[in-house]
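What follows draws every value from the coordinates through simple rules; no lab data is involved. Note that the coordinates shown come from a computational prediction; the quantities given were computed from them, not determined experimentally. Cβ: placed from backbone, ideal geometry, glycine included. Neighbour counts: every protein chain shown.
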Amino acid sequence: MNAREKILGKIRDAQLRSNANNGASVENTLSIAQHLAQHPRGPQPPVIGDLLKNFKERCLKLSSDVLETTNRGDVPNLVARYLNEKNLPTQGVCWPLLSALPWREAGLDIQSRPSNSQDAVGVTGAFCAIAETGTLMTLSGKETPPSTSLLPETHVAILEPSRIVASMEDAWELVRKEFKQPPRVVNFISGPSRTADIEMTVTMGAHGPYRVLVIIAPLT
């Protein structure tokens with residue numbers, strides 16, 4: 001018996017066993033579907049203390065920069081100051097829902113359009129953030145294109161502090177609560193892009209931005 005015949009024989013045997021246990025298989029499938037629908041949680045480490053404080057600490061450990069303001073209108077000035085201090089370009093793109101911020105008054109040329117490989121700065125919001133890991137969660141959509149956070153070398157994320165949750169499980173629960181079905185793309189951003197694939201040397205910006213700035217600002 002050659003290799004091909006052995007493989008086909010194993011498939012036939014598996015099909016016979018499946019037919020013989022069809023009743024049990026249906027029961028098992030229903031049980032699995034019910035289990036998944038309940039979204040049970042496994043053991044989780046506690047997030048001790050204030051969620052905002054935990055999130056900021058984790059962000060800094062991931063090499064993200066963090067700024068805060070109580071006035072959302074100050075965001076462009078914070079972005080301009082950050083870019084100027086690091087001698088970075090002041091041109092870029094933003095999500096459409098952020099186009100009304102006073103970018104030009106701050107001396108920035110931030111356009112609301114699809115991002116391309118020539119854009120140096122991309123400004124986005126975030127669906128939520130995870131305190132346990134310092135991670136931003138973004139969802140794709142017409143008003144929230146993923147390319148804005150992926151293509152530019154500098155990613156600026158504006159985060160509403162009330163959208164910080166404790167864990168990854170809480171983030172997914174929020175998606176299920178606010179959307180009938182998940183979006184096409186869900187991205188988790190944990191600091192600047194990096195890799196150590198080559199000789200175990202950490203290289204920044206390998207698959208995305210070289211730097212990430214998180215600006216914590218309320219919607220109003």
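Which of the lysines could be linked to Lys180 by a straight reach, that is with a Cα gap under 29 Å, when you skip same-chain ones fewer than 8 residues away?
Of all the lysines, those that pass the test against Lys180 - Cα under 29 Å, at least 8 places apart if same chain - are Lys142.
How about Lys53: which lysines have a C-alpha closer than 23 Å to its C-alpha, ignoring those fewer than 8 places off in the same chain?
Reachable lysines: Lys61.
Let me check the size of the chain from its C-alpha atoms; what are the radius of gyration and Dmax in Å?
In order Rg, Dmax, the Cα atoms of the chain give 23.0, 78 Å.
What's the angle, to the nearest 10 degrees (0 to 90), between helix 22-38's Cα axis and the longest principal axis of the chain?
Tilt relative to the chain: about 20 degrees.
If amide hydrogens are placed 1.01 Å from N in the peptide plane, which non-local residues have theirs closer than 5 Å to the one on Gly134?
For Gly134, whose amide H was placed from the backbone, there are no distant partners under 5 Å.
Please get the size of the charge dipole for the chain, origin at its Cα centre, with Cβ charges of +1 on Lys and Arg and -1 on Asp and Glu, quoted in debye to the nearest 20.
Value, rounded to 20: 660 debye.
Against the longest alpha carbon principal axis of the chain, how many degrees, from 0 to 90 and to the nearest 10, is the axis of helix 3-20 turned?
Between helix and principal axis, roughly 80 degrees.
What do you get for the angle between helix 168-178 and the principal long axis of the chain? Use alpha-carbon atoms, 0 to 90 degrees, nearest ten.
The two axes meet at around 90 degrees.
With each run of n ≥ 4 DSSP H residues scored as -39500 (n - 2.57), what mean residue ellipticity at 222 nm is computed for the chain after dividing by its residue count and rounding to the nearest 500 deg cm²/dmol?
After summing the helix terms and dividing by residue count, I get -10000 deg cm²/dmol.
Given Leu101, Tyr82, Pro45, which one lies farthest toward the positive end of the charge dipole of the chain, if we put +1 on the Cβ of every Lys and Arg and -1 on the Cβ of every Asp and Glu?
Pro45
If you take every DSSP beta bridge whose two residues both sit in the chain, what share of them, in percent to the nearest 5, is antiparallel? Let's see the in-between values first.
Details: 9 of 31 bridges.
Expressed as a percentage, antiparallel bridges in the chain total about 30.
Using +1 at the C-beta of Lys and Arg and -1 at the C-beta of Asp and Glu, which of Phe179, Leu151, Thr133 has the Cα lying farthest in the positive direction of the dipole of the chain?
About the Cα centre, the residue reaching furthest to the positive side is Phe179.
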